[in-house]
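This is the structure I have questions about; it appears just below.
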Amino acid sequence: MAHILVLNGPNLNLLGTREPEIYGSTTLADIESRCADRARDLGLELESQQSNSEGALVDAIQAARERCQGIIINPGAYTHTSIAIFDALAACDLPVVEVHLSNIHRREDFRHSSYVSKVAEGVICGFGADGYEMAVDALARILAQGGQA
Ligand code: DQA
């Protein structure tokens, strides 16, 4: 059974109470449990992790390299700044689906660029919490096709 990692970056532990007008009122625990249900329906095994620290996210990506077949990642603000996360994803050589709750292209200019997009098979943004389940669907399709979009 394919094993996938859902990885969330800084401040996403606050979902539910963090700027709900932008990020919605669904908690991270709810998102993780919806993803796990969806993954189970699709015959995938899913684990979820969140960290506020860039180094811990790099460690999680490196560990996924050993035991996962794909990664869904919302790197939070590190999306726009982190070459270390870009490098870790490039090195792990797994299919990556990038997710953002908000439509980053409709927001401040500094959110318009993403290092992670350069190593992602695709990006889902602007659909709130639903975007994570869309990402599970997308990754399932990618894995069924042999690992590439
Ligand atoms: C975010 C968008 C980022 O710009 C922001 O820093 C976040 C959340 C999103 O899910 O919409 O923390 O990744």
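The values are calculated or read from the model by the stated rules, or taken from the named source; none is laboratory data. As the structure is a computational prediction, the values presented were derived from the model and not from experiment. When we count neighbours, we look across all protein chains shown, and the Cβ atoms used for this are built from the backbone with ideal geometry, even at glycine. All accessible areas refer to the heavy atoms of the entire protein, side chains included, with ligands and DNA or RNA removed. Shrake-Rupley method; radii C 1.70, N 1.55, O 1.52, S 1.80 Å.
Which ones in segment 1-13 are open to solvent by 30 Å² or more (accessible area, probe 1.4 Å), at pLDDT 95 or above and not in a strand (DSSP E or B)?
Selection gives ASN11, ASN13.
A follow-up question, please. How about segment 95-128: which of its residues are in a helix (DSSP H, G or I), of a type outside the set (D, E, K, R), within 11 Å of the ligand (Cβ to nearest atom) and surrounded by fewer than 19 Cβ atoms within 10 Å (Cβ to Cβ)?
Pass one, segment 95-128, residues in a helix (DSSP H, G or I): 104-106, 109-111, 116-119.
Add one more test, that the residue is of a type outside the set (D, E, K, R), and what stays is 104-105, 110, 116-117, 119.
Then drop every residue that is not within 11 Å of the ligand (Cβ to nearest atom), which leaves 104-105, 110, 116.
Correct list: HIS105, PHE110.
Looking at the structure I just gave you, is LEU57 in contact (Cβ under 8 Å) with a residue 24 or more places away in the chain, within 12 Å of the ligand (Cβ to nearest atom), touching a Ser or Thr at 6+ places or on another chain (Cβ under 9 Å) and among the aliphatic types (A, V, I, L, M)?
Spelling it out, it is not the case that LEU57 is in contact (Cβ under 8 Å) with a residue 24 or more places away in the chain, within 12 Å of the ligand (Cβ to nearest atom), touching a Ser or Thr at 6+ places or on another chain (Cβ under 9 Å) and among the aliphatic types (A, V, I, L, M).
Would you check which residues across segment 60-85 are of a type outside the set (Val, Ile, Thr), away from the ligand (no atom under 15 Å from the Cβ) and open to solvent by 50 Å² or more (accessible area, probe 1.4 Å) and list them?
GLN62, ARG65, GLU66, ARG67, GLN69
Also: Which residues, counting only those in segment 34-48, are surrounded by fewer than 18 Cβ atoms within 10 Å (Cβ to Cβ) and either within 16 Å of the ligand (Cβ to nearest atom) or closer than 19 Å to ALA60 by Cβ (or both)?
Of everything in segment 34-48, those that are surrounded by fewer than 18 Cβ atoms within 10 Å (Cβ to Cβ) and either within 16 Å of the ligand (Cβ to nearest atom) or closer than 19 Å to ALA60 by Cβ (or both) turn out to be ARG34, ALA36, GLU45, GLU47.
To continue, here is another question. Among the residues of segment 69-93, what is the count of those that are assigned to a loop (DSSP other than H, G, I, E, B) and of a type outside the set (Ser, Thr, Tyr)?
Within segment 69-93, residues that are assigned to a loop (DSSP other than H, G, I, E, B) and of a type outside the set (Ser, Thr, Tyr) number 3.
Only one residue in GLY147, GLY131 is at positive phi and either surrounded by 15 or more Cβ atoms within 10 Å (Cβ to Cβ) or touching a residue at least 40 places away in the same chain (Cβ under 8 Å) (or both), so which one is that?
Details: GLY131 fails: at positive phi.
That would be GLY147, the only listed residue that is at positive phi and either surrounded by 15 or more Cβ atoms within 10 Å (Cβ to Cβ) or touching a residue at least 40 places away in the same chain (Cβ under 8 Å) (or both).
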